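See below for the structure under consideration.
The values are calculated or read from the model by the stated rules, or taken from the named source; none is laboratory data. Keep in mind that this is a model prediction, so the values were computed, not measured. Virtual Cβ from ideal backbone geometry, glycine too; neighbours counted across all protein chains shown. Ligands, DNA and RNA are stripped out before the accessible areas are found, and what is left, the full protein with its side chains, is counted by its heavy atoms. Shrake-Rupley method; radii C 1.70, N 1.55, O 1.52, S 1.80 Å.
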Amino acid sequence: CTTYNHDHPKHQYVVVCLKDQFELVQEDFDDNFAIEEITTVIDGKLRPAVYGKVKVKSTNKEITHVIGVHLKAAPQFFEVRIKQLDIIKKYISKMNDQLPVVFLGDLNTHIKELTEQSIDDVVMMENSLKELNFKLVENPFPYTYVMNGEGKAKLDHAFVSKTVEVLKVEVGTACK
């Protein structure tokens, strides 16, 4: 698993974990695994993204880029999530080695009735990422978040380069 350092004792870390046969290596244009720029959108306390290239250990072949996030929570922070997405898109644009990209995590997407916007967050993100030739991975589960058995939402998503074929989506039992 790969993450970053943070000095707040109650910080919720973003972590990218891979199976043993893979390794996360730094991007050629960065010196760590964090996109710190997304932390500064409002107060410097937001979570950085964790990213890098996935390499097969046995062959040293790089097979994909991965970006894991936990974007700003709560419906009223629609504009913060847009700014965070724009920063992530800037980093995706730097990944010009023809490897596919997987962008996933807790995107904190809310429905338009809660954000008071014209479209749902996930639709906005899907539309925005189309310009980089990304597609939303269809998740068959009705929700990925439950609060005290009451509030349910589909906050977690994955987007992939259009060249990637997704065969199966799994959501951990704690989130179902």
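What do you get for trypsin sites (Lys or Arg not before Pro) in the stretch 1-83 restricted to DSSP loop and a cutoff of at most 16 other Cβ within 10 Å of the site's Cβ? Spell out each step's value before the answer.
Numbers: sites: K10, K19, K45, K53, K55, K57, K61, K72, R81, K83; in loops: K10, K19, K45, K57, K72.
Answer by residue number: K10, K19, K45, K57.
DSSP loop GluC sites (Glu not before Pro) in the stretch 18-119 with at most 16 other Cβ atoms within 10 Å of their Cβ, which ones? Intermediate results must be reported in sequence, preceding the final value.
On the way: sites: E23, E27, E36, E37, E62, E79, E113, E116; in loops: E27, E116.
Filter output for the stretch 18-119: E116.
What does the helix-only formula give at 222 nm for the chain: each DSSP H stretch with n ≥ 4 adding -39500 (n - 2.57), the total divided by the residues, and the result rounded to the nearest 500 deg cm²/dmol?
Numbers: 3 runs with 31 residues, N = 176.
Helix-only estimate at 222 nm: -5000 deg cm²/dmol.
Which of K57/K154; K10/K168; K45/K168; K57/K83; K61/K83; K83/K162 have a Cα-Cα distance over 31 Å? Before the final figure, lay out each step's value.
Values: K57/K154 34 Å; K10/K168 34 Å; K45/K168 34 Å; K57/K83 35 Å; K61/K83 33 Å; K83/K162 23 Å.
Violating the 31 Å limit, Cα to Cα: K57/K154; K10/K168; K45/K168; K57/K83; K61/K83.
Would you mind telling me the share, in percent, of accessible area of the stretch 80-173 contributed by carbon and sulfur at probe 1.4 angstrom?
Ligands and nucleic acids excluded, carbon and sulfur give 51 percent.
Match the structure shown to one of the listed values (1) 134; (2) 102; (3) 155 of volume of the Cα convex hull per residue in Å³, computed from it, and give that label.
(1)
Under 5 Å between amide hydrogens, which residues at least 5 positions from A49 or on another chain qualify, with H placed 1.01 Å from N in the peptide plane?
Amide H neighbours of A49, under 5 Å, 5+ apart: I35, I38.
Would you mind telling me the antiparallel percentage of the DSSP bridges in the chain, rounded to 5?
Details: 25 of 31 bridges.
In the chain, approximately 80 percent of DSSP beta bridges are antiparallel ones.
Dipole of the chain (Lys/Arg Cβ +1, Asp/Glu Cβ -1, origin at the Cα centre): which of L71, L24, T39 lies farthest to the positive side?
Farthest towards the positive end: L24.
From a point 7 Å beyond the Cα of V164 in the direction of its Cβ, which residues of the stretch 123-145 have a backbone N at a distance under 19 Å?
123-141, 144
I'd like the trypsin sites (Lys or Arg not before Pro) in the stretch 98-162 restricted to DSSP loop residues with at most 14 other Cβ atoms within 10 Å, sorted by number. Don't jump to the answer; show the numbers that get you there.
Details: sites: K112, K130, K135, K152, K154, K162; in loops: K154, K162.
Counting only loop positions with at most 14 other Cβ atoms within 10 Å, the trypsin sites (Lys or Arg not before Pro) in the stretch 98-162 are K162.
Could you size up the charge dipole of the stretch 1-125 around its Cα centre, putting +1 on the beta carbon of Lys and Arg and -1 on that of Asp and Glu, and report it in debye to the nearest 20? Show your work: numbers first, answer last.
Details: 15 positive and 19 negative charges, 45 e Å.
It works out to roughly 220 debye.
Fully extended, how many nm does the chain gain between V146 and K90 (0.36 nm per residue separation, minus their Cα-Cα distance)?
Values: separation 56, 0.36 × 56 = 20.16 nm, distance 3.19 nm.
Length difference between fully extended and current span is 17.0 nm.
Taking H as built 1.01 Å from N, whose amide H comes closer than 5 Å to the amide H of V101, not counting residues under 5 places away?
The list, which skips near neighbours in sequence, is H65, S161.
Post the alpha-carbon centroid distance, the stretch 94-114 to the stretch 35-56, in whole angstrom.
First find each Cα centre; the distance between them is then 12 Å.
Give the aspartates and glutamates whose C-alpha is closer than 20 Å to that of K135, dropping any in the same chain fewer than 8 places away, or say none.
D86, D97, D106, D120, D121, E126, D156, E165, E170
Can you give me the angle between helix 121-130 and the longest principal axis of the chain, using Cα atoms only, in degrees from 0 to 90, rounded to the nearest 10?
Result, in degrees: 40.
Please compute the net charge surrounding I63, taking Lys and Arg as +1 and Asp and Glu as -1 over other residues with Cβ under 9 Å from its Cβ. Don't skip to the end; give the middle numbers.
Numbers: positive: K53, K55, K61; negative: E62.
Taking every Cβ under 9 Å from that of I63, the sum is +2.
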